[in-house]
Every structure is written in C-alpha cells, then in structure tokens.
Amino acid sequence: METMTFRTILEEEFSFRVNENSSYSIRAFARDIGISPSQLSEVLSGKVGLSSKKAVVVAQNLGLSDKEVTLFKALVEFEHGRSEKIKNEAKDIIDSYEHSSKYKGLSLDGFKLISDWYYFAILSTMELDRYDGSTLFIANHLNLDIEIIEDAIKRLLKLDIIDISNGKFIPTGEMFSTSHDIASSALKKFHKQHIRKSLDSIDNVPVDKRDITTMTMAIDIDKLPQAKKLITKFRRDLCKFMESDKKNNVYNLNIQLIPLAELDT
C-alpha cells in the first residue's frame with residue numbers, strides 16, 4: 001500500500017473538484033492553489049517539489065486547517081528538504097500524526113478502497129446478535145445487492161479488517177481512523193453519503209427511531225480545536241455505551257458543526 005505524499009493530497013483534491021464540476025481544469029486548479037499550471041504539472045509528475053514557503057501557501061489555498069497545513073508542509077519537506085535535519089524534523093511531525101490516535105490508522109490509499117458508506121455498515125452488521133455469518137444476511141439487512149456485499153467482503157479481507165472464523169466473516173476487532181487529518185475526495189464522498197442518508201431518514205424513518213436536532217450559537221472560533229476534541233470524545237463514549245449490551249440494528253451517528261456565515265480571513 002502506497003504511503004501518502006503531498007502529491008496524493010493534491011491529486012485527491014483535484015479529483016474531488018472535477019467530480020463536483022466536470023469542466024474544472026488543471027489550469028483552474030493551479031490558479032486556485034497559487035502556482036502556475038506548468039509548475040503544477042511538474043510537481044504532480046514528480047519532476048520538482050515545492051519550497052517550504054510555497055507549500056504553506058498551497059495548503060492554505062486548499063482550505064486546510066492549521067494542523068493540516070503543518071502536515072502538508074512536513075510531507076513536502078520530508079521529500080524535498082535541503083538538509084537531513086529538515087527531513088528528520090519533518091518525519092517526526094508525520095510520525096506524530098500517525099501515532100496520535102489509539103485507533104488503528106488506515107492510509108489514505110486504504111481508505112479510498114472502502115470509502116462508500118456501506119463498508120463500515122457491513123462491519124457493524126457482522127456484530128449483530130442475529131448475524132448468521134452469511135453475505136446474504138448482510139445484503140438483506142442493508143438492502144443492498146449481494147454482488148456489492150461480496151465485492152466489499154473481498155476488499156475488507158484484503159485490508160485485514162475482517163477475518164474468517166469457523167466459516168463466518170467477522171471483524172478483526174480493530175477500531176479504525178484515517179491516518180492523517182487531511183481533507184480528501186474519498187473522505188468528502190464518505191461524509192456526503194452519510195449526510196444524504198441522514199436527510200433521507202427525515203422523510204422515511206419514524207421520529208421515535210431517530211434523533212435529528214439543531215443548535216445555533218454565537219461562538220469563539222478559536223475554540224474550534226477544543227470543540228472538535230470534545231465531539232470526538234463524545235462520539236467514542238457514546239459508541240462504547242451503545243455497543244455495551246445487545247446488538248439488534250445498525251445505526252450511524254452524524255454530527256455537524258458548521259459556520260452559517262462567511263468566515264473571517
């Protein structure tokens with residue numbers, strides 16, 4: 001499995017923008033991130049890199065957070081740093097991201113293979129009390145074609161996310177998170193699919209079987225990093241609570257904390 005590089009991030013973001021707008025061009029992408037089309041072409045082909053200063057500009061133009069900008073710059077310096085000292089410091093930053101979570105990390109390439117909503121739904125379905133070990137049970141429970149489930153099972157086996165025990169597909173028991181706090185087309189697709197399913201539930205799921213609430217507030221934007229940590233803790237605490245007893249259905253939790261006005265620059 002390939003290691004993520006700063007080029008991977010650029011390629012993923014360009015791919016996402018093209019999927020959102022089929023007329024979006026590499027020239028437009030170069031303009032939007034602040035470099036010339038010729039330089040972008042050489043960067044993506046691996047002929048040249050970026051300076052540390054330009055890496056920061058590009059990352060900021062991509063709309064990355066301060067944390068993501070730091071990682072993007074480190075990925076650039078790890079490949080193109082002008083001294084071993086710079087490269088070693090960059091590697092330390094990258095490693096700190098990889099080991100910052102107790103959850104097992106999936107590389108961006110690994111996550112791309114399972115970025116459709118149903119992969120993690122399959123894992124949860126395998127934990128249901130009445131799961132009989134068959135792909136047909138999973139297909140019926142998630143209302144998906146058996147071919148989709150069988151293809152997903154092959155990928156999950158390949159990534160060692162599931163195993164076979166006594167002829168039954170079972171999760172390996174690992175908790176998964178992406179390795180880097182980086183926006184990608186795969187992650188964006190994953191979140192969009194879950195948000196769309198939340199929207200569908202408003203019309204199709206009885207109120208007593210769902211909980212969709214809204215809170216609007218005036219906030220101090222500098223507290224967002226701490227707010228994200230609190231949300232992460234809440235999610236994991238809730239997951240532990242909900243999975244601590246019998247398991248008779250598969251649910252998805254979506255939490256959206258978004259600005260409703262244009263952000264100050």
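No value in this document is a laboratory result; all are computed from the given coordinates. Remember, it's a predicted structure, so these values are computed and weren't measured experimentally. When we count neighbours, we look across all protein chains shown, and the Cβ atoms used for this are built from the backbone with ideal geometry, even at glycine.
Below are the figures for this structure:
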| item | result |
| --- | --- |
| Long-range amide H partners of residue 4 with built H, under 5 Å | 108 |
| GNM top mover of 125, 232, 172 - the chain, alpha-carbon springs below 10 Å | 232 |
| Relative contact order, percent, the chain [alpha-carbon distance under 8 Å, six or more residues apart] | 19 |
| Spatially proximal lysines relative to residue 168 (Cα-Cα < 20 Å; intrachain offsets below 8 disregarded) | 154, 158, 246, 247 |
| Distance (nanometres) between label positions extended 7 Å along Cα→Cβ at residue 31 and residue 237 | 4.8 |
| Residues with amide H under 5 Å from that of residue 162, placed H, sequence gap 5 or more | 157, 172 |
| The chain - mean residue ellipticity at 222 nm from DSSP helices (-39,500 (n - 2.57) per run, n ≥ 4, rounded to 500) | -17000 deg cm²/dmol |
